[in-house]
1. In whole Å, what are the extents of region 188-228 along the principal axes defined by its C-alpha atoms, from largest to smallest?
2. Given points 7 Å out from each Cα along the Cα-Cβ axis, report the Ala232 to Arg254 separation in nanometres with one decimal.
3. Obtain the nm distance between the two label points defined at Asp563 and Arg595 by a simple spin-label model: each point lies 7 Å from its Cα along the Cα-to-C-beta direction.
4. Using a 1.4 Å probe on the protein heavy atoms, what percent of the accessible area of region 61-160 belongs to carbon and sulfur?
5. Among Leu484, Gln460, Pro445, which residue has its Cα positioned farthest towards the positive end of the charge dipole of region 438-494, with +1 placed on the Cβ of Lys and Arg, -1 on the Cβ of Asp and Glu, and the dipole taken about the Cα centre?
6. Only bridges whose two residues both fall in the chain count here: according to DSSP, what percent of them are antiparallel, nearest 5?
7. Could you calculate the contour length gain from Ser527 to Arg296, that is, 0.36 nm times the residue separation minus the distance between their Cα atoms, to one decimal place in nm?
8. If you build the convex hull over the alpha carbons only and average its shadow over all orientations, what do you get for region 353-466? Give it in nm² to one decimal.
Amino acid sequence: MCGIFGYVANGHVSPELVVDGLRRLEYRGYDSWGIASLNAGQDVQITKAVGKISKTSPEQLDRLRDPATLAMGHTRWATHGEPNETNAHPHRSQSGRIVVVHNGIIENHRELRHLLESEGYVFKSQTDTEVIAHLLDRNLRYTHRFDEALSLTVLELKGAFGLAVMDIQQPDRLFAVRLGSPLVVGVDDGRCLISSDANALAIYTKQVIYLDDGEWAEVTREGVTTYDFHRAATGKIAEQIEIDVAASELGSFRHYMLKEMYDQPESLRNALRGRLQRSEATVRLAGLDDLGERYRPERVKILACGSSWHAGLVGRYFFEELARMPTEVEYSSEFRYRNAVIEPGTLVIAMSQSGETADTLAGLRESKRRGAQALGVVNVVGSSIARECGRGVYLHAGHECGVAATKSFTNQLVVLLMLAVHFGRQRGMSIRQGLELLDSLERLPELAEQVLKTDEQIRQVSEEYVDATNFLYIGRSMEFPIALEGALKLKEVSYIHAEGLPAAELKHGPIALITPEMPTVVIATQSFILDKVASNVQEIKARGGRIIAIVSEENDAFHSLADHVVTVPTAHDFVSPILATIPTQLLAYHLAVLRGCDVDQPRNLAKSVTVE
Ligand code: AGP
Ligand code: GLU
């Protein structure tokens with residue numbers, strides 16, 4: 001999951017540039033970091049530390065001020081071996097010739113370690129990564145050509161990797177290698193850069209080369225040459241990226257999560273822009289255009305993980321109700337190893353904010369292999385899922401830096417609703433219903449602005465629950481997945497245990513947990529099922545449970561039941577769950593801040609999950 005950043009330049013650049021790049025990539029992993037630099041005299045300097053690079057003292061960074069012809073660094077999300085200085089990357093081969101940083105997992109590291117140990121290599125760390133440095137070093141003994149040795153090495157590795165490799169005998173170049181973990185090369189005036197994502201490159205250059213799986217780049221300050229793992233040139237040339245760097249600035253907000261929640265009116269507007277087609281009472285999505293007017297899938301299968309999976313569950317209600325399309329929503333991690341039957345006429349939607357989630361990418365490949373039509377619903381432009389799908393619908397949520405998904409989640413809901421309207425109109429949805437939905441979608445950004453006004457009320461409510469150790473979240477119909485998402489958000493950022501449930505399931509067991517110490521968040525904005533939820537809430541009340549209700553303005557059924565009522569503007573039943581999401585985000589945020597948690601980079605997490 002980690003972040004990799006590196007450069008090759010003219011000898012006047014200092015590795016502070018890598019520090020800066022790694023800070024931008026820190027959302028990918030932040031348990032330890034390390035940087036290796038090489039100057040013209042072929043002196044390698046390696047600096048490592050436990051913790052976040054953004055929290056490193058200036059004295060610790062002093063050593064990184066001297067110019068170097070090249071440097072590369074890593075911010076780690078440990079998979080093999082605890083986060084300590086020894087296990088932090090870069091890792092160096094025994095002879096000292098090869099230095100490596102790695103994102104991913106080497107699955108055959110045990111076998112390779114035994115082989116190398118039997119040949120006299122002594123390992124210093126517990127990581128799977130160290131085998132790469134020694135293996136390349138070893139292969140260089142058998143063949144003196146570096147490219148041959150690199151090819152042999154990468155073909156021997158099983159698993160997923162993005163690598164930056166330094167050979168101290170070639171002090172004018174770095175090698176960037178990709179199989180399964182993202183890596184982008186930036187081409188700038190007089191220097192080239194390597195990064196795990198294009199965002200971290202955007203302030204330096206807008207000219208980038210996305211490496212594909214099974215490809216490596218030889219990066220010098222004059223330019224980049226790409227090869228496949230068998231050393232055949234692949235001739236990639238740089239493409240221009242459009243990334244608004246200013247949009248990722250924190251501004252006056254205390255945290256990215258807060259800023260990104262407040263971005264929602266604008267991000268929702270961006271998701272809708274140019275897509276609502278009133279004249280036809282439908283939605284036009286460019287990603288579907290190249291499938292042709294006549295493209296009419298029979299059913300939908302959504303593959304996703306985490307919050308994206310929750311969004312998919314809401315999408316199932318949209319597709320079934322509005323388009324009468326049978327819809328399945330699957331955890332990509334389970335789907336990929338199941339011998340799933342994909343019926344003809346299935347549209348597989350790979351849903352992912354980052355576009356890099358390893359399991360979703362693998363699920364997508366598996367579906368394509370079985371002949372399914374695939375569509376990516378992705379936020380990060382140019383990400384692996386977006387590129388492998390070939391066609392898709394971008395979320396246009398803008399860069400999301402906070403590890404917890406907020407604006408990307410609400411944009412996922414909006415994009416799914418738009419897809420359902422598009423297919424619904426092909427399958428019998430009336431013009432009247434189509435227009436009603438377009439109207440409510442159009443009003444959504446403005447209503448989201450109003451929901452954000454509940455911020456202070458929710459902060460005050462949070463103060464009462466700061467010592468809670470457990471929470472329940474309940475909802476029905478489309479708001480059951482919103483309950484799941486609310487619970488996930490709370491767990492992620494505040495470390496309070498929480499469980500999301502369909503409200504009616506309480507009485508089948510979990511109601512045993514209700515005591516005054518177990519608060520329940522009730523999400524109930526959909527008019528058609530309000531009375532049913534109210535009965536479920538009565539059952540909690542009767543057992544002394546404390547209740548925080550998120551309801552629509554015109555609903556007063558909960559005022560006498562709930563301890564706290566947070567209201568959102570009344571909206572169409574298909575749109576109000578999107579609005580109801582925002583108070584759950586604010587609640588998680590305020591509880592986390594009050595408990596002193598690191599909301600933007602919660603413990604043990606990383607934004608982009610590029611390992612299985
Ligand atoms: C969201 O808050 C989580 N950090 C996580 O569940 C996330 O949604 C999941 O890892 C999937 O990520 P993706 O959308 O980038 O594929
Ligand atoms: N598997 C490697 C390790 O544990 C790399 C992890 C990462 O991607 O940060 O060090």
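The values are calculated or read from the model by the stated rules, or taken from the named source; none is laboratory data. Model, not experiment: these values are computed from the prediction. Note that each Cβ is placed from the backbone with ideal geometry, even for glycine, and that neighbours are counted across all protein chains shown. To get the accessible areas, we keep the full protein, side chains included, count just its heavy atoms, and leave off ligands, DNA and RNA. Shrake-Rupley method; radii C 1.70, N 1.55, O 1.52, S 1.80 Å.
1. Largest to smallest, the principal-axis extents are 28, 21, 12 Å.
2. Roughly 5.8 nm, to one decimal.
3. Going from the Asp563 label point to the Arg595 one covers 1.6 nm.
4. 48 percent
5. Selected residue: Leu484.
6. Beta bridges within the chain, antiparallel portion: roughly 60 percent.
7. 80.0 nm
8. 10.1 nm²
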